[in-house]
1. Which residues, taken from the stretch 273-294, are assigned to a loop (DSSP other than H, G, I, E, B) and either farther than 23 Å from Leu88 by Cβ or touching a Ser or Thr at 6+ places or on another chain (Cβ under 8 Å) (or both)?
2. Sort out which residues of the stretch 77-125 are aliphatic (A, V, I, L, M) and in contact (Cβ under 8 Å) with a residue 60 or more places away in the chain, and write them in order of number.
3. Among the residues of the stretch 231-272 satisfying the criterion of being among the hydroxyl-bearing types (Ser, Thr, Tyr) and in a loop (DSSP other than H, G, I, E, B), which is most open to solvent (accessible area, probe 1.4 Å)?
4. If you go through the stretch 34-54 one residue at a time, do you hit one that is buried (at least 22 other Cβ atoms within 10 Å of the Cβ), among the polar types (S, T, N, Q) and part of a strand (DSSP E or B)?
5. When you scan the stretch 181-192, how many residues do you find that are open to solvent by 70 Å² or more (accessible area, probe 1.4 Å) and not in a helix (DSSP H, G or I)?
6. Given the condition assigned by the TED database to the domain that holds Leu307, polar (S, T, N, Q), touching a helix residue (DSSP H, G or I) at 6+ places or on another chain (Cβ under 9 Å) and in contact (Cβ under 8 Å) with a residue 12 or more places away in the chain, answer yes or no: does some residue in the stretch 216-224 qualify?
7. Looking at Lys199 and the list (1) open to solvent by less than 70 Å² (accessible area, probe 1.4 Å); (2) free of Cβ contacts under 8 Å to residues at least 60 places away in the same chain; (3) under 30 Å from Cys332 (Cβ atoms), which single condition is not satisfied?
Amino acid sequence: MGDNMNRSVIEAIHSSPTQAVLYLAGGASQSLGWLMSVPGASNTVLESVVAYSRMSMIQLLGKIPSQFCSQRTAEDMALLAYNRALKLSIPGRPVLGVGFTGSLASTQKKHGHHRFHISTRTSDRLKVSTVYFSKGLRTREEEDMISSRVLIKAVADACGVEETLASELNEDEVPQECETKFSEEDELMQLINGEICFKIYPFDNAIPSDTERKIILPGSFNPLHDGHLRLLEVASSICGYGAPCFEISAVNADKPPLTISQIKDRVRQFEKVGKTVIISNQPYFYKKAELFPGSAFVIGADTAARLVNTKYYDGSFKKMLDILLGCKQTGCTFLVGGRNVDGVFKVLEDLDIPEELLDMFISIPAEKFRMDISSTELRKKQGQL
């Protein structure tokens, strides 16, 4: 690894709660070895990808960048890594996306600068460092080692680690750094615009720190009421393990998206009762399944009836089956609680679920839970409609 100072910094990174995804291209390869060789790496590193070939970079970015080695490309890589880290992380843990792109010394002489760009993305900050090497001063291995050190320093900084790590850059190779900080409003607007996939408000301190599986109760929660809280509690007891979360989609299938003010108002409800809530931008369950693979979604019988109703799939039974089988392949299940449907109380067993999907739906027994009132009815009683 080089020295004890390197090791102590990486030990401190692994001791922090931050979980990271790293996307690298064109250098800093030694940083991955250093991170992985110190015990505790699994606490920090969720995934690392080295997109070395031109086609690998294009597929990672989903586009051909104007420049493969540029600040913008590093920022794009960090944002992709951040979204990936959100999907892979334990609920409530801070996440970090790292993007690195370099043009270092190679077997053929380069006409342009030897340089690299590192971008780190957290929930409230985007930071970029650019370094131009003194050309011809070092070998490829030496440039890779230095870029790896600078990357570890950037990761340490993003994890809140007080690092003292010598980069071994000379006085002419001062990193050019820029930083953008995000407010909560900025982050929510990025979510509504589709730049980030979701935001977690981890108000529940009782969520296990070692579970990746989520038990998710989606809804609009306008307002949140005791029935919602009880339903998630019962569903969690049936599942036996997992992180119980509520989920609100800021984007609606047939209505305007929620405003930032509306989102913050609804989030405050969960803060008051100490329950974790996720704000996503996916109104459809097949998209939620892609966003939260392996999760158990808690729904009412009315929602379950709509899920298997072909009228929501252009009248096609095959389309409905294909989409829901896709959800099944992500490892998702649906826990179904009894609800009043058109004035009649119904449970899962009252619904016509296709045989191919039966094992994806789990009934919440009526004796354990039934919800006879909805948020809409509560709003009516409160005179809000």
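1. Initially, the stretch 273-294 is screened for residues assigned to a loop (DSSP other than H, G, I, E, B), giving 274-276, 281-284, 292-294.
Hits for the stretch 273-294 are Gly274, Asn281, Gln282, Pro283, Pro293, Gly294.
2. Answer for the stretch 77-125, where residues must be aliphatic (A, V, I, L, M) and in contact (Cβ under 8 Å) with a residue 60 or more places away in the chain: Leu79, Ala81, Ala85, Leu86, Leu88, Ile90, Val95, Leu96, Val98, Leu104, Ile118.
3. Tyr241
4. no
5. Restricting attention to the stretch 181-192, the residues satisfying the condition of being open to solvent by 70 Å² or more (accessible area, probe 1.4 Å) are 181, 185, 189.
Filter once more, keeping what is not in a helix (DSSP H, G or I): 181.
Count: 1.
6. Narrowing the stretch 216-224 to residues assigned by the TED database to the domain that holds Leu307: 216-224.
Those still in the list that are polar (S, T, N, Q) too: 220, 222.
Now narrow it down to the ones that are touching a helix residue (DSSP H, G or I) at 6+ places or on another chain (Cβ under 9 Å): 220, 222.
Checking the rest, the ones that are also in contact (Cβ under 8 Å) with a residue 12 or more places away in the chain come to 220, 222.
Yes: one or more hits.
7. (2)
Yes or no, residue by residue, for (1) closer than 18 Å to Leu79 by Cβ; (2) not charged (D, E, K, R):
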{"position": "Leu22", "(1), (2)": "yes, yes"}
{"position": "Ser29", "(1), (2)": "no, yes"}
{"position": "Ala41", "(1), (2)": "no, yes"}
{"position": "Ala51", "(1), (2)": "yes, yes"}
{"position": "Arg54", "(1), (2)": "no, no"}
{"position": "Met57", "(1), (2)": "yes, yes"}
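The values are calculated or read from the model by the stated rules, or taken from the named source; none is laboratory data. This structure is a prediction, so every number in the text was calculated from the model and none was measured. Here the Cβ is made from the backbone with ideal geometry for all residues, glycine too, and neighbour counts use every protein chain on show. Keep in mind that these areas ignore ligands, DNA and RNA; they rest on the heavy atoms of the full protein, side chains included. Shrake-Rupley method; radii C 1.70, N 1.55, O 1.52, S 1.80 Å.
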